[in-house]
Amino acid sequence: MYTAMDYIYEVYREKSFTKAAKKLFVSQPALSASVRKVEAELGAELFDRHTSPVSLTEAGQAYIETAEQIYATVSGLKERIDEMNGLKTGEIAVGGTNFVSTCVLPAIVKKFTARFPGIRLGLEESASAELKQLALTGGLDAVIDYDFDETLFEATPIREETIFLSAAKDSPQAEKFAPFALSAEDVQTGKRTEALDAALLQEEPFLLLKKGNDMHDRAALIFREAGIHPRTALELDQLMTSYALSCRGLGMAFIPDTLIGCDLVGNAVYFRLASPHATRTLAVARKKKRYVNKALEQFILTAAECYK
C-alpha cells in the first residue's frame, strides 16, 4: 500500500501528476487530493503546478530530501533485519550460576560463536534466583539452570544429570566407604558400582549449599528419605566452592556428574547415591510467551545439541 509520501515522490520522479497516477494505479484526482492534504498540513506548496513539467518548490525540495533520507533509513533497517534473520548480526544475553558458567556454558558458547560469529553473546553470572528474575523482567533472554516454574518459563531440557557425593581421596570418608568409591574416569565412562545408602552418612561432615539453591533442596530430600540429620561442616553459596573444599578433605559435597566431566576434577573420589532424588534436569529456559528471535532459537538448539 502506498503512502502520501510515495505519491509525492512519484510525482517528483515523473514530473507529472498524470504519469505518476498511472504508475501508482490510482486516479489523478485521488493522487492530487492526497498531495494537497499534505501541503495543507505543512502550510506550503510542494510543487509549482504552473511549470511544464511540474517542478519542486523550495519546500518541495526540502520534502524530497527528507523523504530520501527516510527511504534510505527504512532500507537500511530492512537490510539489518534481514541480516538478523540470517543470523549475521544480533545480540542475546544468557545467564548461568558460577557452576554453569564454568562447566556448562563454555562448550555451548564455543560452538555457537563458531557457527554465528556475527551474533554478540552477553553472559551474566549470578545466583539462580537472581538470574530467573532477570529473565522474567527482560534483563536476560535465557537462563541455564534447574527447576523452572512451568507457569513462568518455557524450558528446553539439555542434559539429565546424576548427583554424586564427593570426598577427598585421602579423607576418612574415602577409606570408610572404599567399596563404593569411583574415580572421575569411572564416572565419565559409566562404570557401575553399588550405590551408597545415605542412611550410613549420619556422622559424616557435609559441605552444603544455602537455601535457594537447587542442590540444597535435593540434599534435604535425600537426607529426609534416609531419615538422618546431617552434620553440616560449612554452608556455602556456590557449588564450585563446596567441591573445592571437599577435595581438600573438609567434608562431603553433593555434585553433579557434569562437573566431574569437565576439566576441573580434583583430588576426589565419588559415590553414587541410592536415591531417586539424585538426578536432575539441566535446562535452558526463557520467559513464557516471550518472542524468540532466530539468534535465541539457535542458541537453545546449540545448547541442546552440546549435551545430548
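So here's what we get for this one:
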{"item": "Search result, residues across the range 87-104 that are farther than 18 Å from residue 123 by Cβ and free of Cβ contacts under 8 Å to residues at least 40 places away in the same chain", "result": "88, 89"}
{"item": "Residue match in the range 198-208 (condition: in a loop (DSSP other than H, G, I, E, B), among the aromatic types (Phe, Trp, Tyr) and surrounded by 18 or more Cβ atoms within 10 Å (Cβ to Cβ))", "result": "no"}
{"item": "Odd one out for residue 98 among (1) assigned by TED's automatic domain parsing to the domain that holds residue 131; (2) exposed (fewer than 12 other Cβ atoms within 10 Å of the Cβ)", "result": "(2)"}
{"item": "Residue that is surrounded by the fewest Cβ atoms within 10 Å (Cβ to Cβ), among those in the range 209-230 that are over 21 Å from residue 272 (Cβ atoms) and in contact (Cβ under 8 Å) with a residue 24 or more places away in the chain", "result": "229"}
{"item": "Failed criterion for residue 225 (all others in (1) outside any helix (DSSP H, G or I); (2) closer than 16 Å to residue 163 by Cα hold)", "result": "(1)"}
{"item": "Check on residue 287, buried (at least 17 other Cβ atoms within 10 Å of the Cβ) and within 29 Å of residue 115 (Cβ to Cβ)", "result": "yes"}
{"item": "Qualifying residue in the range 51-59 (condition: assigned to a helix (DSSP H, G or I), free of Cβ contacts under 8 Å to residues at least 24 places away in the same chain, surrounded by 13 or more Cβ atoms within 10 Å (Cβ to Cβ) and not aliphatic (A, V, I, L, M))", "result": "no"}
{"item": "Enumeration of residues in the range 105-126 that are in contact (Cβ under 8 Å) with a residue 60 or more places away in the chain, closer than 19 Å to residue 282 by Cα, aliphatic (A, V, I, L, M) and crowded, with 17+ Cβ neighbours inside 10 Å", "result": "108"}
{"item": "Scope the range 168-191; condition over 16 Å from residue 205 (Cβ atoms), without any contact (Cβ under 8 Å) to a residue 12 or more places away in the chain and either surrounded by 12 or more Cβ atoms within 10 Å (Cβ to Cβ) or not polar (S, T, N, Q) (or both); matching residues", "result": "178, 185, 190, 191"}
{"item": "Residue within the range 280-293 that is over 21 Å from residue 104 (Cβ atoms), at pLDDT below 95, part of a helix (DSSP H, G or I) and assigned by TED's automatic domain parsing to the domain that holds residue 118 present", "result": "no"}
{"item": "Residue count, the range 98-128 (criterion: in contact with a Cys (Cβ under 6 Å, 6 or more places away or on another chain) and at pLDDT below 95)", "result": "2"}
{"item": "Answer residue from the range 5-50, given it is of a type in the set (Phe, Trp, Tyr) and part of a helix (DSSP H, G or I) and is farthest from residue 63 (Cα to Cα) among those", "result": "17"}
{"item": "Residue within the range 149-167 that is part of a helix (DSSP H, G or I) and without any contact (Cβ under 8 Å) to a residue 60 or more places away in the chain present", "result": "no"}
{"item": "Matching residues, the range 7-29, being among the polar types (S, T, N, Q) and either free of Cβ contacts under 8 Å to residues at least 24 places away in the same chain or in contact with a helix residue (DSSP H, G or I) (Cβ under 8 Å, 6 or more places away or on another chain) (or both)", "result": "18, 27, 28"}
{"item": "Residue 2, sole failed condition from (1) in contact with a Leu (Cβ under 9 Å, 6 or more places away or on another chain); (2) more than 30 Å from residue 126 (Cα to Cα); (3) part of a helix (DSSP H, G or I)", "result": "(3)"}
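The values are calculated or read from the model by the stated rules, or taken from the named source; none is laboratory data. The structure displayed is predicted, hence computed values, not measured ones. Don't worry about glycine lacking a Cβ; one is built from the backbone with ideal geometry, like all the others, and counts go over all protein chains shown.
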